[in-house]
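Everything below concerns the one structure shown next.
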Amino acid sequence: MLLALLFMLITALLELSIPIVTKIAVDKYIYPSWRITKFSDNPADKLFKQEIIKKYPSLVIPLENENYLIDISEIDNEDRHNLERLERISDHKYLFIDINSLSDSALRDTREIIKKHTSIFLPAEKGYYINYDSLKEISAKDLRIIRSDEIRHVIKLGAILFLCLLGIFIFSSFFTYILYYSGHKIMHLMRISVFSHILKLPQNYFDKNPVGRLTTRVTNDINAINDMYTSVMVQFVKDVLVVVGVFIVMFHMNRELTFYVFILTVLMAFFAGLFRMKLKTVYRDLRRSIAKLNSFVQESIKGIILIKLYSREMANFEKFQGVNQENFKANMDQLWVYATFRPFIEFTSVFTIAFILWYGGIEVIGLDLTLGALIAYLYYARMLFRPIMELAEKYNIFQSAAAATENLYEISNVPAESVEGINHGDIRGELEFKNVWFSYNDKEWVLKDVSFKISEGETVALVGLTGSGKTTIVNLILKFYDIQKGVILFNGVDIRNYSPEYLREHISAVFQDLFLFGKNIGDGDSFDSRQLSHVIDLEDLYDSDINSMSSGEKQLVSLLSALSKKSNLLILDEATSNIDANIEQKFQETLRYEKTGRSTLIIAHRLSNVKNADRIFVIHKGEISESGTHSKLLAKKGIYYNLYQLQNEIQNFSLQ
């Protein structure tokens, strides 16, 4: 950033120097700047004459009859104004030829030209002078010889001007490249930092924040900060330096004209501020309408089956018209703001240029301003308006970046999931809940004094109505949440003493809500397909596109991944709910005969999936209400019996 600022500063100085070089070329060498003045016998005028001669010895050349040839372009504004006050300065402009500055060959050629035109070349103390209007009597060839010294200086100044432009190109290219390179590097590192922090956040944070919001933090919010860095922060420093530099140079050339230009600039900045406040409201409404429109279109396309099923096409279209009309109005409001602001800024800028031409032209005639200074003023005026024109856009970028920064600070201040704990030792598949109480919101208990034990190599099932707390138990085992009361023991050790990574490394889990990474299941992990090879032909799954897979196929892939993992505890949370009965039966046989000492916790609504479990726990309203084998629970004729009978009746009814 400092290197970019350095190149930016050099670029700004070069941009400021271009009008100055142009002014010098015009005033000193292109446009004749010598005038004849005659001082009166007034003592004050005589004193002023002595001061002028003493102050500018090389710019004042005595002529006959108390007349003096003076270079108006080189003296300061105050002295120029005092000379104008004498009303003795000629309206005619003169070209002065200093014979002492000419080379021998140029001197010979010049003397020959003077001999040919003795009537228009007048002698002076250090050379000759000629009325500017009389130059048209000289041929173009002779004129180039006479003004060879000016032409040489103009070529030098042109070369300097070209070098300035080349420097602006080079340093602005370096400035832009380094600025955007550092911006993208910062954005790259910020994304790594934010995403790595998101991966470490506890599960309850993801429960409270939607996926779209977190995605925005990693993508749009960081982009907004990058835009602020590249388009506003460093560029703002350059704009401030340019504006301050322009006013300093303009003030040095002419104070009164600079004051009027300053007033017009402040007026333009004031209206730009009003535009900024109006634009803020318009942008907010526009972003809200765009989000609403995108959400409605996405919802309609995703739910197109239901729209067609219930013949809601016309009703949905009428609702879309209302949302689209709202977006149209927001766009029209934005258009109105731009349609009034930009023409006003353009009008003000053109008016300022016209004012500089009018007022500056009068000042040039009155010798209070040189022609080169007037040209420089016009150039500087354009440099002043550019930052003001971009003010509203930059302010909007700044507002977006400020909001994005707050969002990133908010997510960065969320404490990460603790990684402390035991990460070594022999782990077996023994799990025990002892008087566990848990609540998601500290108000309503989801689990109430839950106690059960899974021995090594045992298959245990959890059944119950929806919302009874079955999946919550799985989340607690995996340390996605912390319990409020009680203790959960894994191999006799409180799971709070284990590091989450080490604990989850020894547990395999398949959930009902499936998500597969990658395009194909073979991308990345290498699965051991032997455990499910007799259940289904998995060859087609390896080459299948995930987007074209059915829910049952995705569950098979998840089961294959879980069984390939060398874990001591396997958790199946409705893991076969989307698989047909034949494949499900084969899979259950696989679990029953190929456990290899692994403990299994099965959560299922279909009781046919759990009747072969070693033990079954029935959870009702967050409590273990019944436990035992399938046959013992049926004999009790309790909740499990009622669930089993209900499912059998539904199955028999569906077969009729």
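Bear in mind these aren't lab numbers, they're just calculated from the coordinates by the rules spelled out. All values derive from a computational prediction rather than experimental measurement. Cβ: placed from backbone, ideal geometry, glycine included. Neighbour counts: every protein chain shown.
Output the 0 to 90 degree angle, nearest 10, between the alpha-carbon long axis of helix 2-24 and the longest principal axis computed from the alpha carbons of the chain.
Relative to the chain, helix 2-24 is tipped by roughly 20 degrees.
Through the Karplus equation 6.51 cos²θ - 1.76 cosθ + 1.60, θ set to phi - 60°, convert the phi angles of region 603-619 into ³J(HN,Hα) values in whole Hz; use x for Gly and Pro.
Going residue by residue, I get 10, 8, 8, 7, 5, 5, 7, 10, 5, 8, 5, 5, 9, 10, 10, 9, 9 Hz, with x marking Gly and Pro.
Can you give the relative contact order of region 149-269 as a percent, counting alpha carbon pairs under 8 Å and 6+ residues apart?
Rounded, it is 25 percent for region 149-269.
Any idea what angle helix 104-116 forms with the longest principal axis of the chain, computed on alpha-carbon atoms, 0 to 90 degrees, nearest 10?
So the helix axis and the longest Cα principal axis differ by about 50 degrees.
Assigning unit charges at the beta carbon (Lys, Arg +1; Asp, Glu -1) and nothing else, what dipole magnitude in debye, to the nearest 20, does the chain show about its Cα centre?
In total the dipole reaches around 540 debye.
First select every other residue whose beta carbon is under 9 angstrom from the beta carbon of Ser451; then total the charges, Lys and Arg +1, Asp and Glu -1.
Local net charge: 0.
Along the charge dipole of region 203-412, pointing to its positive end and built from +1/-1 on Cβ of Lys, Arg, Asp and Glu, which listed residue (Ala354, Phe206, Ser231) has its Cα farthest out?
Positive-end residue among those listed: Phe206.
Would you work out the relative contact order for the chain, in percent, from Cα pairs under 8 angstrom that are 6 or more residues apart?
13 percent
Please report the net charge: other residues with Cβ closer than 12 Å to the Cβ of Tyr641, K and R +1, D and E -1.
+2
Among the listed pairs Lys200/Lys434; Lys23/Lys55; Lys28/Lys55; Lys443/Lys636; Lys200/Lys479; Lys470/Lys636, which are separated by more than 24 Å between their Cα atoms?
Where the Cα-Cα span goes over 24 Å, the pairs concerned are Lys200/Lys434; Lys443/Lys636.
Hey, what did region 2-153 get for relative contact order, percent, Cα under 8 Å, at least 6 apart?
24 percent
What angle do you read, to the nearest 10 degrees and between 0 and 90, between the alpha-carbon axis of helix 391-412 and the longest principal axis of the chain?
Roughly 30 degrees, rounded to the nearest 10.
Could you tell me whether region 194-312 comes out rounded, prolate or oblate from its Cα gyration tensor? Rule is a ≥ b ≥ c as square roots of the eigenvalues, rounded for a/c under 1.5, then prolate if a/b exceeds b/c, otherwise oblate.
oblate
Is the shape of the chain rounded, prolate or oblate, going by the alpha carbon gyration tensor and its root eigenvalues a ≥ b ≥ c, with a/c under 1.5 for rounded and a/b larger than b/c for prolate?
It comes out prolate by the Cα gyration axes.
Local charge sum around Ile507 (other residues, Cβ-Cβ under 13 Å, Lys/Arg +1, Asp/Glu -1)?
Overall, the nearby charge balance is +2.
Hey, can you grab everything whose amide H is under 5 Å from the amide H of Arg606? Only 5+ residues off in sequence or another chain; H modelled, so Pro and N-termini drop out.
Correct list: empty.
Which log10 I(q)/I(0) values, to two decimals, does region 203-412 give at q = 0.14 Å⁻¹ under the Debye formula with one point per Cα?
Values, matching the q order: -0.96.
Return the distance in nm (one decimal) between the two label points of a simple spin-label model at Val237 and Leu163, each offset 7 Å from Cα along Cα→Cβ.
2.7 nm
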